[in-house]
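Undergrad: I have a structure I would like to understand better, so I am pasting it below and will then ask my questions one at a time.
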Amino acid sequence: MRQSTLRHSGAACALALFTCLATTAATAANAPSAQRDIAPLADDYFAPGRFKGKTVLITGGARGIGKMSALRAAREGANVVIADVLEKEGNATLAEVRALGAKAIFVRTDVRNTADCDRMVEVWRARHGAQCRWRHGRGTAG
């Protein structure tokens, strides 16, 4: 197995970092009231400082769940690396993240392209070192 494949596979394990809370909240919100044992989180809930000193790389960070993950990570103190093929939307998300006071960069990345993914990880690590988290927000079909 190629080194880049191993690196990406290992980093993808951090997917649960952001999806766990979202899944728990969505499940609780959609459950019948008699079966609801977990109260949904308020829309404005966040844990200040939870990611202080950490860097979060978010693929698919230009819009949708990826964008919301970037904004939440920024509110919780993370440095944010936004990776997406959509440059205009990615730069718009970058501006929103920076407006929250977070250090952030945008890296144009097509996750279907190994060279793009290798460059994305190199930029991420060169900028922020090894103390990083990954939120994989983009999948591809086919």
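Undergrad: Ranked by Cβ crowding within 10 angstrom, fewest neighbours first, how are M120, M68 ordered? If you can, show how the numbers build up before the last one.
TA: Numbers: M120 22, M68 16.
So the residues, fewest neighbours to most, are M68, M120.
Undergrad: Moving on. For Y45 and R98, what does the FRET efficiency come to when R0 = 25 Å and r is the distance between their Cβ atoms, rounded to the nearest 0.05? The partial results should precede the final answer.
TA: Values: r = 22 Å, r/R0 = 0.89.
According to the calculation, E is roughly 0.65.
Undergrad: Moving on. Mind putting a number on the dipole of region 49-120 about its Cα centre? Charges go on the C-beta only, +1 for Lys and Arg and -1 for Asp and Glu, and I need it in Debye to the nearest 20. All intermediate terms of the calculation are to be shown ahead of the outcome.
TA: Numbers: 13 positive and 8 negative charges, 70 e Å.
Dipole size: approximately 340 debye.
Undergrad: Test of understanding: ordering K67, K88 by Cβ neighbours within 10 Å, fewest first, what list do you get?
TA: Fewest-to-most ranking of K67, K88: K88, K67.
Undergrad: List, in order, the whole-Hz ³J(HN,Hα) value for each residue of region 83-96 obtained from phi through the Karplus relation with A = 6.51, B = -1.76, C = 1.60 and θ = phi - 60°; use x for Gly and Pro.
TA: Values, residue by residue: 10, 6, 7, 8, 5, 4, 5, x, 5, 5, 5, 4, 4, 5 Hz.
Read the figures in this text as sums done on the coordinates, not as results from a lab. This is a predicted model, so every value here is computed, not measured. Because the Cβ atoms are built from the backbone with ideal geometry, glycine has one as well, and the counts that use them run over all protein chains shown.
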